[in-house]
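First comes the structure, then the notes that go with it.
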Amino acid sequence: MPMPLSIHPTDTPTSAAERQTILDKGGFGTAFTDHMVTIEWTEGQGWHNAQVRKREPFRIDPAAAVLHYAQEVFEGMKAYRGEGGAITLFRPDQNAKRFNASAQRMAMPTLPEDVFVEAVQALVRTDRDWIPGGNGSLYLRPFMFADEPFLGVRPAHHFTFCVIASPVGDYFKSGPKPVKVWVSREYTRAAEGGTGAAKCGGNYAASLVAQAQAYENGCEQVVFLDAAEHQWIEELGGMNIFFVKDDGNLLTTPLGTILPGITRASLIELARSKGLTVEERKYSFDEWRADVASGKVKEVFACGTAAVVASIGEVKFEGGSFQIGQGESGPVTNALREELTALQRGKIADTRGWVRVVS
Ligand code: PLP
Ligand code: COI
């Protein structure tokens with residue numbers, strides 16, 4: 001790594017017994033490891049002061065730009081404890097690339113891809129004992145925010161890049177059971193020219209009122225439609241979406257205003273290598289309903305790093321609902337989930353150079 005990364009282990013590590021209790025709890029995003037990585041960026045100086053250090057609260061000025069104008073981007077990735085105990089990351093170069101694309105959209109500095117990947121690996125190495133076994137994984141959250149104290153509206157002159165880690169199990173409380181989704185016809189997530197393709201905190205803030213309505217309606221996730229016509233399916237609050245047709249082939253919504261999911265791209269490639277076709281095209285909510293009613297669409301699933309591949313069993317909206325399948329995850333969904341997770345955990349050979357072993 002061209003930038004020296006100094007390592008300062010915590011003086012107060014979590015005991016092995018306490019860590020095990022935390023790991024046994026599972027769930028998503030509530031527990032955190034002992035360390036974090038921080039790297040600073042200053043206008044005129046660039047990136048500096050790269051450290052792995054004790055995880056602790058930041059001290060930021062109340063005028064820090066992120067608190068006012070939300071100049072922030074993040075990534076989501078996982079470290080797995082695979083076959084034979086090897087620790088792996090899945091396509092971390094893709095997260096590094098997307099991080100920089102998000103940063104550019106938000107007028108923030110980019111981080112050299114090798115520095116991004118090494119920062120993530122350094123945290124994984126330091127906190128390797130926090131990677132759960134079984135179906136669990138260590139969720140990694142690289143992020144960057146504007147911490148210059150300045151209330152004028154312009155790109156900030158000081159940023160902090162940070163990586164934290166959280167041992168996780170299933171994203172959804174229902175576990176592998178199909179989830180229910182709420183189609184919002186009131187709120188949209190992204191418009192042409194907006195920030196939909198960037199992984200910036202503001203997109204998630206703007207999604208929360210619709211997500212709250214999903215919860216009120218007994219659903220786990222919200223499905224967003226396009227901003228211009230309110231009819232084209234885009235994606236979920238935190239996942240992309242795929243439709244499985246009666247011939248087993250797939251359809252997914254096109255890139256543009258959605259987050260270009262790394263799971264989405266990987267599943268498209270895996271499906272095509274199995275001989276399936278994958279259409280990436282605009283698909284309307286009306287067409288979805290009609291295709292489920294006629295049996296043309298047999299399975300629907302959500303996908304993303306946190307949720308992996310999650311079957312969708314029921315769709316609700318203002319004034320109605322419809323079921324998909326028989327309350328079980330379907331065969332195409334299951335086959336794709338199995339192949340992806342086997343690859344990520346080193347159970348099958350990686351012929352594409354997607355799996356990075358953390359040494
Ligand atoms: N769409 C949104 C809005 C997300 O937050 C995520 C999760 O990161 C995804 C899609 C899936 O992206 P990936 O597969 O890269 O995790
Ligand atoms: C992810 O899958 O990594 C996400 O970021 C989704 C959600 C937890 C925000």
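For this structure, a couple of remarks:
- For residue 6: the one exception among (1) farther than 30 Å from residue 269 by Cβ; (2) in contact (Cβ under 8 Å) with a residue 60 or more places away in the chain: (2)
- Output for the range 204-222, where each listed residue is more than 15 Å from ligand 2 (Cβ to nearest atom) and more than 24 Å from residue 175 (Cβ to Cβ): 209
- Residue count, the range 74-117 (criterion: among the basic types (Lys, Arg) and in contact with a Phe, Trp or Tyr (Cβ under 7 Å, 6 or more places away or on another chain)): 2
- For residue 295, the conditions (1) within 22 Å of the chain's Cα centre (by Cα); (2) more than 15 Å from ligand 1 (Cβ to nearest atom); (3) not aliphatic (A, V, I, L, M) are fulfilled apart from (1).
- Tallying residues that are open to solvent by less than 10 Å² (accessible area, probe 1.4 Å) and among the aliphatic types (A, V, I, L, M) within the range 254-267 yields 2.
- Members of the range 243-253 found to be surrounded by 15 or more Cβ atoms within 10 Å (Cβ to Cβ) and in a loop (DSSP other than H, G, I, E, B), listed by number: 248, 249, 253
- Single residue of the range 346-356 satisfying the filter (touching a helix residue (DSSP H, G or I) at 6+ places or on another chain (Cβ under 8 Å) and outside any strand (DSSP E or B)) that is nearest to residue 96 (Cα to Cα): 354
- Residue in the range 18-37 that is surrounded by the fewest Cβ atoms within 10 Å (Cβ to Cβ), counting only those that are in a loop (DSSP other than H, G, I, E, B) and more than 16 Å from ligand 2 (Cβ to nearest atom): 34
- Only strands (runs of 3 or more DSSP E) whose full extent lies in the range 38-81 are considered here, and the ones with at least 2 residues that are free of Cβ contacts under 8 Å to residues at least 60 places away in the same chain and in contact with a strand residue (DSSP E or B) (Cβ under 8 Å, 6 or more places away or on another chain) are 46-54.
- If you filter the range 319-345 down to residues that are surrounded by 17 or more Cβ atoms within 10 Å (Cβ to Cβ) and in a loop (DSSP other than H, G, I, E, B), you find that the one that is modelled with the lowest pLDDT is 325.
- Considering residues of the range 77-93 that are over 14 Å from residue 136 (Cα atoms) and buried (at least 19 other Cβ atoms within 10 Å of the Cβ) only, the residue farthest from ligand 1 (Cβ to nearest atom): 92
- Scope the range 243-272; condition away from ligand 1 (no atom under 16 Å from the Cβ) and farther than 18 Å from residue 309 by Cα; matching residues: 246, 247
- Scanning the range 141-199 for residues that are under 17 Å from the mean Cα position of the chain (by Cα) and closer than 16 Å to residue 103 by Cα returns 141, 142, 143, 144, 162, 163, 195, 196, 197, 198, 199.
- Matching residues, the range 223-281, being more than 16 Å from ligand 2 (Cβ to nearest atom), touching a residue at least 60 places away in the same chain (Cβ under 8 Å) and closer than 20 Å to residue 208 by Cα: 225, 257
The values are calculated or read from the model by the stated rules, or taken from the named source; none is laboratory data. From a predicted model like this one, the values you see are computed outputs, not experimental measurements. A quick note on method: Cβ atoms are made from the backbone with ideal geometry, for glycine too, and the neighbour counts reach across all protein chains shown. What goes into the accessible areas is simple: the full protein's heavy atoms, side chains included, and nothing from ligands, DNA or RNA. Shrake-Rupley method; radii C 1.70, N 1.55, O 1.52, S 1.80 Å.
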